[in-house]
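Read through the structure below, which is laid out as structure tokens, and then see the notes.
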Amino acid sequence: MVTEWDADRIEREVRRRAAVERAPLSARHFVMVCHDVFDAAGVGVQLIADDGALEPVHATTDVVERVIELETTLGEGPAHLAVAGGRAVAVDDFRQQRARWPLFSDAAEFARVRAALAFPMWLGSGTIGAVEVYSPEPRLPTTAELDLGGVFTELLTDQIVTRLDEVGADAPEEFGIERFHIRWQVVYQATAIASIHLRCGLPEASLRLRAHAFASGRRLCEVAEDVVTGVVRLAPDDPFGLEAP
């Protein structure tokens, strides 16, 4: 039960799992424990990138990986609200959130996640990202769950910051998941190419890239790969900034 967990027990379990794997303690272990304690459909972590947008860095399930990537593509969802407001966000049923997030709510329901908790990651006086816990069923969180989610988020943030200070590793490397890091490097490359072809700044190029991904019904990383390889070329006159060659 959630009420049986506290910071000390979380840290003991995280260290136990790392020892079983014979692997260095990492942020990934904290997220794995969070997933199991909450019996979640998945837990996702997003960090603020250099361009100010949220960047997915880890997800415990394929379903939530797609959901948080879509959240980044659309620029709406609980993680954005948690980061902007600096407070936890509880969504008891995405069906009731269509007025707030018309696109993301439908996408979340299609992915068969119905509820979520989003916790801002604080560093000093500012937020650096968010942790999201998704549920397959509509539900209101208990006070104990909100408190424990905050504890997990604080421990996770401390782990990331400590490791960055110690070894200077990139945040995605700290999770031990290479695919996120590699995939998002392609998105950055595609954004740079888009900015050149569209003769605009990186923020606008990023928006145009995401608009095309949404309009075409494809994942952002897939569109980015096509831009980098030349399968898709950029067209300034296109409303979404992209056209097939």
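The residues on offer are 62, 36, and the sole one that is over 30 Å from residue 202 (Cα atoms) and assigned by TED's automatic domain parsing to the domain that holds residue 147 is 36. When the range 91-132 is filtered for residues that are in a loop (DSSP other than H, G, I, E, B), crowded, with 19+ Cβ neighbours inside 10 Å and of a type in the set (D, E, K, R), only 114 remains. Taken over the range 46-66, the criterion of being in contact with a Ser or Thr (Cβ under 9 Å, 6 or more places away or on another chain) and not in a loop (DSSP other than H, G, I, E, B) is satisfied by 46, 48, 54, 55, 56. Checked against (1) more than 12 Å from the chain's Cα centre (by Cα); (2) in a strand (DSSP E or B), residue 18 meets all criteria but (2).
Of the residues making up the range 30-55, those that are touching a Pro at 6+ places or on another chain (Cβ under 6 Å) and within 15 Å of residue 77 (Cα to Cα) number 1.
The values are calculated or read from the model by the stated rules, or taken from the named source; none is laboratory data. Just so it is clear, the model here is predicted, and its values are computed rather than measured. Positions of Cβ are generated from backbone atoms using ideal geometry, with glycine treated the same way; all protein chains shown enter the neighbour counts.
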